[in-house]
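Inspection log for the structure reproduced underneath, given as structure tokens.
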Amino acid sequence: MLPKLLATAATAAILLAGPALAQSSTVNGAAGGAVTGAIVGGPVGAAVGGVAGALVGTAIDPPPQQVVTYVQEAPALKKVVVKEKVAVGVALPETVVVTPVPENPKYAYAVVNDERVIVEPSSRKVIQIID
């Protein structure tokens, strides 16, 4: 009976950890999952939450509105076409040149496959795709 209860609790924690972590970017990844799991289910929840949090990964904070506005209004850069899918959380290929945002060098941008994207310069991960 106890193993079945633990399995049910583990499944519930895994399913609930994703949305919980996706809504808050202050506690992320395995550590965030462990904290959330501990709050919800004690020591067993901490272990399950840590695994679920690691699976969900780290949430990406959206850039400030002034960065988004700058990228929307910046002069068009050389457009680059890549075969890889451009998606939030995925690093751009090294062939794509990223341009720093002057007022906030924590962010850079590029135009890839006719889409303006905001990236984190050191990892080249896409933070936001501008429509």
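Read the figures in this text as sums done on the coordinates, not as results from a lab. Just so you know, these numbers come straight off a predicted model, no measurement behind them. With ideal geometry, Cβ positions are generated from the backbone for all residues, glycine too; neighbour counts draw on all protein chains shown.
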Exposure proxy order (Cβ contacts within 10 Å, fewest to most) of Lys79, Lys85: Lys85, Lys79
Debye log10 I(q)/I(0) for region 65-130, one point scatterer per Cα, at q = 0.27 Å⁻¹: -1.31
Eligible lysines near Lys106 by straight Cα distance, threshold 28 Å, same-chain separation 8 or greater: Lys78, Lys79, Lys83, Lys85, Lys125
Amide H partners (placed H, <5 Å) of Val98, local residues excluded: none
Positive dipole terminus of region 65-130, leading residue within Val90, Leu77, Ile127 (C-beta point charges): Val90
Karplus 3J(HN,Hα) series, Hz, for region 116-131 with 6.51 cos²θ - 1.76 cosθ + 1.60 (x for Gly, Pro): 7, 10, 9, 10, 8, x, 5, 9, 6, 6, 6, 9, 7, 9, 8, 7
5 angstrom amide H check on Ala91, placed H, neighbours 5+ away: Val126
Ranked packing of 115-127, 89-101, most packed first, by mean Cβ within 10 Å: 115-127, 89-101
Amide hydrogen neighbours beyond the local backbone of Glu115, cut-off 5 Å, H modeled: none
